[in-house]
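J.: I'd like to ask you about the structure that follows.
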Amino acid sequence: MKETEKEIIVIGGGLAGLVSSILLSRKGKRVLLIEKKAYPFHRVCGEYISNEVLDFLKREQLYPDFLEIPTISNFEFSDTKGKSVSIPLDLGGIGISRYMLDDWLYQKAKAAGVEVKTKIQVFDAVFEERTEKFALTLSDHSIVEAGFVIGAFGKRSKLDKTLDRPFIQKVSPYIGVKYHIYADFPRDTVALHNFSGGYCGLNAIEDGKVNLCYLGNRDQLRMHGSIEEMERQILWKNPILKRVFQESEFLLEKPEVINEINFEPKMPVEQHILMAGDAAGLITPLCGNGMAMAIHSGKMAADAILLGKSRVEVESIYSKSWNAAFRRRLWVGRHLQRLFGARGVSVFAGKLIRNSPFFAQQIIKNTHGKPF
Ligand SMILES: Cc1cc2nc3c(=O)[nH]c(=O)nc-3n(C[C@H](O)[C@H](O)[C@H](O)COP(=O)(O)OP(=O)(O)OC[C@H]3O[C@@H](n4cnc5c(N)ncnc54)[C@H](O)[C@@H]3O)c2cc1C
């Protein structure tokens, strides 16, 4: 095999890409992982991970137990007026920053023998039917070839445009903003506080810190001119959020911000690329399940490549397992998303949780998976 030819190339080194490359490399596959940024780095993410991944992470020695990681077993919800209700979580989760988690998995990937190229972007990935090989064009002008490609390049990448994926045509009004703060906030709780046009999550992460991450609206940002002013005028209308913003110590120099967050359906296999994590479908953040899905789908993509005896079989194994595990969850998440951010609806949802915690727990169950 030529130096420029790999058995497997994984595009994107978030959770899906790191997990799939580690598992494949540990089974003796020659894997190249290409990530456009340099570790460690912050990402917009609520950083609450469902416990459904715990068994897997521990079994594969991927759990970062050198950190003090908060265990989260309680859910707090407030409507746009700040009226709140709490219920216990059945499965619960943990809180850990992506800055720490992704860097830890990156170290694990290198230790497993994965060849990792950082600060390099994949510009194009073309499958040639005749040779049954992919040719990838990279930002350093090199071309690399591979037998299999896992697309783990997140919710939106320039590569989606190059590949002409249908979802990229749809514009989205959502923006995401994240801070790390020191706050007076219970370490066993994940909170979802509504405001007009969006919602804000809060949960503890390592080192006594708290993650504050919200999904807002681009038009509100335009109207108020800056993130800070939008927060004062919109988020602070919820008195709980006003108190958090006024009384906490903000730790990042500036917030992490992303736009064009799109929840449109995608396909798990496109142009013979096994799409994993958000590249296959982004679940709405209010479900707090995207990281678990990224980790699980990374494992599924690796399993499919290891089990399938031909390309057709690999693609079929992956599509089947991905659809069985995630299609319904994504559908429920999309419909829930439409209910949030509207004032009347958040008040109704609060009443529903207060009067029928069983119903709320059913919704949580339907947007989460089982340990694997
Ligand atoms: C506001 C918000 C809050 C959220 N909160 C939570 C939460 O609390 N809990 C939860 O479980 N989930 C949450 N999520 C979802 C979660 O963040 C994602 O589901 C998860 O990060 C997906 O991981 P991934 O590996 O698929 O993608 P990512 O983590 O996005 O990684 C993709 C990687 O690909 C790289 N890349 C992109 N294009 C290229 C290219 N062309 N070449 C090379 N590299 C490339 C990127 O730099 C990136 O590092 C939230 C999402 C949002 C938007």
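We did not get these values from a lab; they are worked out from the coordinates using the rules stated. If you're wondering where the values come from, they're calculated on a predicted model, not measured in any experiment. Here the Cβ is made from the backbone with ideal geometry for all residues, glycine too, and neighbour counts use every protein chain on show.
J.: Working only within region 136-145, note down all residues that are among the small types (Gly, Ala, Ser) and either away from the ligand (no atom under 14 Å from the Cβ) or under 14 Å from residue 38 (Cβ atoms) (or both).
T.: 139
J.: Working only within region 104-135, note down all residues that are assigned to a strand (DSSP E or B), touching a Lys or Arg at 6+ places or on another chain (Cβ under 9 Å) and within 15 Å of the ligand (Cβ to nearest atom).
T.: The first filter runs over region 104-135 and keeps only residues assigned to a strand (DSSP E or B), leaving 115-118, 122-128, 133-135.
Filter once more, so that each one left must be touching a Lys or Arg at 6+ places or on another chain (Cβ under 9 Å): 115-116, 118, 122-123, 127.
Matches in region 104-135: 115, 116, 118, 122, 123.
J.: For region 113-136, what are the residues that are surrounded by fewer than 18 Cβ atoms within 10 Å (Cβ to Cβ) and in contact with a helix residue (DSSP H, G or I) (Cβ under 6 Å, 6 or more places away or on another chain)?
T.: Scanning region 113-136 gives 113, 124.
J.: Also, quick follow-up: Are any residues in region 243-287 of a type in the set (Phe, Trp, Tyr) and either under 18 Å from residue 168 (Cβ atoms) or surrounded by 18 or more Cβ atoms within 10 Å (Cβ to Cβ) (or both), and if so, which ones?
T.: 245, 263
J.: Any idea how many residues of region 138-147 are surrounded by 16 or more Cβ atoms within 10 Å (Cβ to Cβ) and of a type in the set (Val, Ile, Thr)?
T.: Matching residues across region 138-147 total 1.
J.: Another question, if that's okay. Sort out for me the helices (runs of 4 or more DSSP H) sitting completely within region 260-372 that have 2 or more residues that are within 13 Å of the ligand (Cβ to nearest atom). So that I can check it myself, show each step before the final result.
T.: Working: elements: 290-307, 311-322, 328-339, 343-355, 357-366.
Those helices (runs of 4 or more DSSP H) span 290-307, 328-339.
J.: Right, here's the next one. How many of the residues making up region 31-56 are outside any loop (DSSP other than H, G, I, E, B) and within 6 Å of the ligand (Cβ to nearest atom)?
T.: Adding up the residues that qualify gives 4.
J.: Please tell me if residue 7 is buried (at least 24 other Cβ atoms within 10 Å of the Cβ) and in contact with a Lys or Arg (Cβ under 8 Å, 6 or more places away or on another chain).
T.: no
J.: Now for a separate question. How many of the residues making up region 287-319 are hydroxyl-bearing (Ser, Thr, Tyr) and in contact (Cβ under 8 Å) with a residue 24 or more places away in the chain?
T.: 3
J.: Also, quick follow-up: State whether the residues of region 214-236 include one that is in contact with an Asp or Glu (Cβ under 9 Å, 6 or more places away or on another chain), farther than 30 Å from residue 314 by Cα and buried (at least 22 other Cβ atoms within 10 Å of the Cβ).
T.: Checked region 214-236: at least one residue is in contact with an Asp or Glu (Cβ under 9 Å, 6 or more places away or on another chain), farther than 30 Å from residue 314 by Cα and buried (at least 22 other Cβ atoms within 10 Å of the Cβ).
J.: Tally time: how many residues in region 7-30 are touching a strand residue (DSSP E or B) at 6+ places or on another chain (Cβ under 6 Å) and more than 8 Å from the ligand (Cβ to nearest atom)?
T.: 10
J.: Just to verify a result, which residue in region 263-313, among those that are small (Gly, Ala, Ser) and in contact with a strand residue (DSSP E or B) (Cβ under 7 Å, 6 or more places away or on another chain), is nearest to residue 159 (Cα to Cα)? Before you say what the answer is, go through the steps one by one.
T.: First pass over region 263-313, keeping only residues small (Gly, Ala, Ser): 276-277, 279-281, 288, 290, 292, 294, 297-298, 301-302, 304, 308, 310.
Adding the requirement that they be in contact with a strand residue (DSSP E or B) (Cβ under 7 Å, 6 or more places away or on another chain) leaves 276, 279, 288, 292, 301, 304.
Numbers: 276: 14, 279: 10, 288: 26, 292: 23, 301: 19, 304: 23 Å.
Selected residue: 279.
J.: Among residues belonging to region 148-181 that are of a type in the set (Gly, Ala, Ser) and in contact with an Asp or Glu (Cβ under 9 Å, 6 or more places away or on another chain), point out the one that is surrounded by the fewest Cβ atoms within 10 Å (Cβ to Cβ).
T.: Residues of region 148-181 that are of a type in the set (Gly, Ala, Ser), as a first pass: 151-152, 154, 157, 172, 176.
Next, from what is left, pick out any that are in contact with an Asp or Glu (Cβ under 9 Å, 6 or more places away or on another chain): 151-152, 154, 172, 176.
Numbers: 151: 31, 152: 32, 154: 23, 172: 15, 176: 22.
The residue in question is 172.
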